[in-house]
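**Student:** Mind having a look at this structure? Questions to follow.
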Amino acid sequence: MSITSQPDRVIIFDTTLRDGEQSPGATLNVEEKLAIAHQLALLGVDVIEAGFAVASPGDFQAVKTIAEQVGIPGGPIICSLARAIRQDIHAAAEALKGAARPRIHTMISTSDIHLKYQLKKSRSEVLAIASEMVAYAKSFVDDVEFSPMDASRTEPEFLYEVLEAAIAAGATTINIPDTVGYCTPKEIGTLIQGIREHVPNIDGVILSIHTQNDLGLATANALAAIEYGVRQVECTINGIGERAGNAALEEIVMALQVRKPFFNPYFGRPVDADTPLTNIKTQEIYKTSSLVSQLTGMLIQPNKAIVGANAFAHESGIHQDGIIKHRQTYEIMEAAAIGLPENRIVLGKHSGRNAFRTRLKELGFELNEADLNKAFNRFKDVADKKKEISDWDLEAIVRDETQIQVESGFQIEHVQVICGDCTCPTATITIVTPDGKILTDASVGTGPVDAVYQAINRLVQIPNQLIEFSVQSVTGGIDALGTVTVRLKHQERIFSGQASDTDIVVAAAYAHINALNRLYRYLQTEKSEFHEINSAVVSG
Ligand code: KIV
């Protein structure tokens with residue numbers, strides 16, 4: 001394939017479920033990964049990196065389930081990461097068996113600093129391993145991606161040599177990682193240009209870029225790479241990922257959309273060509289971003305480009321004046337382009353099930369009967385307390401009621417709190433345990449939330465430490481729903497939970513129990529994996 005027969009658009013390789021999940025505390029279980037993968041498929045990503053199959057039985061199961069249920073014919077390519085080690089590649093191949101279009105992504109470090117201190121291998125050893133492991137991956141699947149880790153700090157001549165060998169061994173995509181987020185856009189351009197000039201067989205493969213955000217340059221670097229001929233970008237929803245994260249999918253896609261006339265010539269198109277430069281359905285961006293934030297518990301900063309709460313808000317008088325006179329004076333894209341619902345007041349306590357269902361459908365939520373019933377009952381409760389229900393409220397209700405419930409987890413029956421400036425904050429909580437027991441306990445605390453958490457912890461009896469607590473208002477107004485997000489730590493793992501209510505102490509209780517249920521579920525899975533491994537050892 002010559003460079004002119006490369007795709008005339010950018011391939012979006014989403015690594016939210018692999019690199020994104022490496023964000024501290026963003027641990028997802030299999031059901032949650034599957035829900036995100038389905039949404040990524042709706043969003044239209046080309047490749048889903050579903051995980052790192054060899055990392056744990058949970059990771060293996062997630063890649064396998066996504067391969068079988070999302071990697072269907074006509075669906076995205078499903079990929080698993082694998083170090084350039086036989087055991088990793090074998091696990092990836094096994095997990096990917098159910099995918100219509102499987103891809104193995106294998107990687108090995110190539111920079112001298114990694115070779116000397118981490119791999120403790122010579123350049124010639126790494127060269128041989130890269131070529132041998134790409135060939136091994138190729139023995140399982142046609143589609144093999146190779147990444148020379150820390151490529152941007154690798155001595156260029158050695159990098160060219162490794163890439164040439166990997167392509168000769170069968171790699172179909174060559175990905176260039178700026179692993180430590182060190183490069184500037186100009187340097188990325190020079191790196192890509194060097195590769196295209198010095199790797200003789202590079203035109204036969206898709207060239208890809210993976211940029212980390214340590215200096216806040218991930219998106220700029222990915223866009224610079226595109227100008228130099230890169231045709232696949234690795235990115236994550238909301239830019240989550242290891243340390244400061246990755247290039248944000250929504251930023252890359254909207255930059256290519258809004259600045260199409262700037263990018264078109266790099267694809268050999270006329271400046272004013274209208275065909276999109278990616279296959280992403282941009283109207284699904286907001287929904288995908290909210291889902292990832294909810295399930296990972298990683299809040300989006302208000303000033304985050306594209307999906308932050310303030311991204312389309314105009315505060316200054318001068319800006320508001322301009323917007324009223326002509327939107328484009330201060331707005332380069334419309335909120336509707338990313339599927340951001342308007343904060344329209346649509347429903348109230350007299351609205352019926354049909355109006356509720358219809359509005360949810362208009363907002364893009366297709367619920368099954370059971371979820372619809374749960375959401376409708378909750379809507380009626382909220383509408384009793386809050387006169388007007390906006391689209392944003394509806395979204396919070398649906399998020400709460402349809403979140404993946406931990407089967408047979410703990411459930412809250414009652415929350416009662418006494419607090420004030422001349423009383424000792426006291427919470428009385430009733431829960432139902434996984435085995436159906438109804439338990440009640442009370443606790444005092446420094447404030448109402450502390451009292452609630454202490455009472456719940458006494459009932460649940462799973463050691464944990466609350467490390468983050470935040471409340472966000474869903475809409476303006478004194479009767480607004482508040483969304484509480486918590487993150488708690490158990491040993492070295494972090495679990496998050498989220499819930500919304502007009503009473504933020506009640507929301508806090510539900511958010512805490514949601515996080516505890518994820519921890520509980522994790523402990524259950526760990527126990528059964530331990531038994532599985534043990535019985536395999538005994539019977540083996
Ligand atoms: O940052 C990195 O180098 C990676 C590679 C595996 C692509 O995540």
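Only the coordinates and a few stated rules stand behind these numbers; no lab work does. This is a predicted model, so every value here is computed, not measured. When we count neighbours, we look across all protein chains shown, and the Cβ atoms used for this are built from the backbone with ideal geometry, even at glycine.
**Student:** Please give the FRET efficiency for Lys361 paired with Ile85, using the beta carbon to beta carbon distance and R0 = 30 Å, rounded to the nearest 0.05.
**Tutor:** 0.05
**Student:** What FRET efficiency do you get for Thr428 and His326 if R0 is 35 Å and r is their Cβ-Cβ distance, rounded to the nearest 0.05?
**Tutor:** So, using R0 = 35 Å, E works out to roughly 0.05.
**Student:** If you don't mind, another one. Can you give the net charge of the other residues whose Cβ lies under 13 Å from the Cβ of Val452, counting K and R as +1 and D and E as -1? Provide the component values of the computation, followed by the final result.
**Tutor:** On the way: positive: Arg458; negative: Asp441, Asp450, Asp501, Asp503.
Charge balance in the 13 Å sphere: -3.
**Student:** For the Cα atoms of the chain, what angle does the longest principal axis make with the long axis of helix 249-258, in degrees from 0 to 90, nearest 10?
**Tutor:** 70 degrees
**Student:** Specify the inter-centroid distance of segment 269-306 and segment 330-355, based on alpha-carbon positions, in whole Å.
**Tutor:** Result: 18 Å between the Cα centres.
**Student:** A follow-up question, please. Quick one: angle between helix 57-69 and the longest Cα principal axis of the chain, in degrees between 0 and 90, rounded to 10, please.
**Tutor:** 80 degrees
**Student:** Applying a 10 Å radius around every beta-carbon, put 466-478, 511-523 in order of their mean neighbour count, most first.
**Tutor:** 511-523, 466-478
**Student:** Right, another one. Can you give me the Cα centroid spacing of segment 475-493 and segment 447-473 in angstrom?
**Tutor:** Centre-to-centre (Cα) distance: 11 Å.
**Student:** Right, here's the next one. All other residues with a Cβ under 14 Å from the Cβ of Thr275 taken together, and with Lys, Arg as +1 and Asp, Glu as -1, what is their net charge?
**Tutor:** Numbers: positive: Arg9, Lys260, Arg269; negative: Asp8, Asp272, Asp274.
Net of charged neighbours comes to 0.
**Student:** Tell me, what HN-Hα J-couplings in whole Hz come from the Karplus equation 6.51 cos²θ - 1.76 cosθ + 1.60 at θ = phi - 60° for each residue of segment 128-144, using x for Gly and Pro?
**Tutor:** 5, 5, 4, 5, 5, 6, 5, 4, 5, 4, 5, 6, 9, 9, 6, 9, 10
**Student:** Per the helix-only calculation at 222 nm, which mean residue ellipticity applies to the chain, given -39500 (n - 2.57) for every DSSP H run of n ≥ 4 and division by its residues, nearest 500 deg cm²/dmol?
**Tutor:** Value at 222 nm, helices only, nearest 500: -12500 deg cm²/dmol.
**Student:** Go through segment 314-367 and name the trypsin sites (Lys or Arg not before Pro) that are in a DSSP coil and have 15 or fewer other Cβ atoms within 10 Å of their Cβ. Write out the running numbers ahead of the final one.
**Tutor:** Values: sites: Lys325, Arg327, Arg344, Lys349, Arg353, Arg357, Arg359, Lys361; in loops: Arg344, Lys349.
Loop-located and lightly packed - Arg344, Lys349.
**Student:** While we're looking at this one, here's another question. Between segment 208-241 and segment 143-205, what's the alpha-carbon centroid distance in Å?
**Tutor:** Comparing the Cα centres of segment 208-241 and segment 143-205, I get a distance of 14 Å.
**Student:** Oh, and also: How high is the relative contact order of segment 117-214, in percent, counting Cα pairs under 8 Å that sit 6 or more residues apart?
**Tutor:** 30 percent
**Student:** Explain nothing, just the number: relative contact order of segment 216-309, from Cα pairs under 8 Å at least 6 residues apart, as a whole percent.
**Tutor:** 23 percent
**Student:** Another question, if that's okay. Could you work out the relative contact order of the chain? I mean the mean sequence separation of Cα pairs under 8 Å and 6+ apart, divided by the number of residues, in percent.
**Tutor:** The value is 10 percent.
**Student:** So what's the angle, to the nearest 10 degrees on a 0 to 90 scale, between helix 185-198 and the longest Cα principal axis of the chain?
**Tutor:** Its long axis makes an angle of about 40 degrees.
**Student:** Please give the length that would be gained between Glu155 and Ala442 if that part of the chain were fully extended, namely 0.36 nm times their separation in residues minus their C-alpha to C-alpha distance (nm, one decimal).
**Tutor:** Between Glu155 and Ala442, full extension yields an extra 97.0 nm.
**Student:** How far apart, in nm, are two points set 7 Å out from the Cα along the Cα-to-Cβ line at Asn368 and at Leu215?
**Tutor:** 4.9 nm
**Student:** Quote the FRET efficiency, to the nearest 0.05, computed for Asp272 versus Tyr182 with a Förster distance R0 of 41 Å and r equal to the Cβ-Cβ distance.
**Tutor:** Approximately 0.65, to the nearest 0.05.
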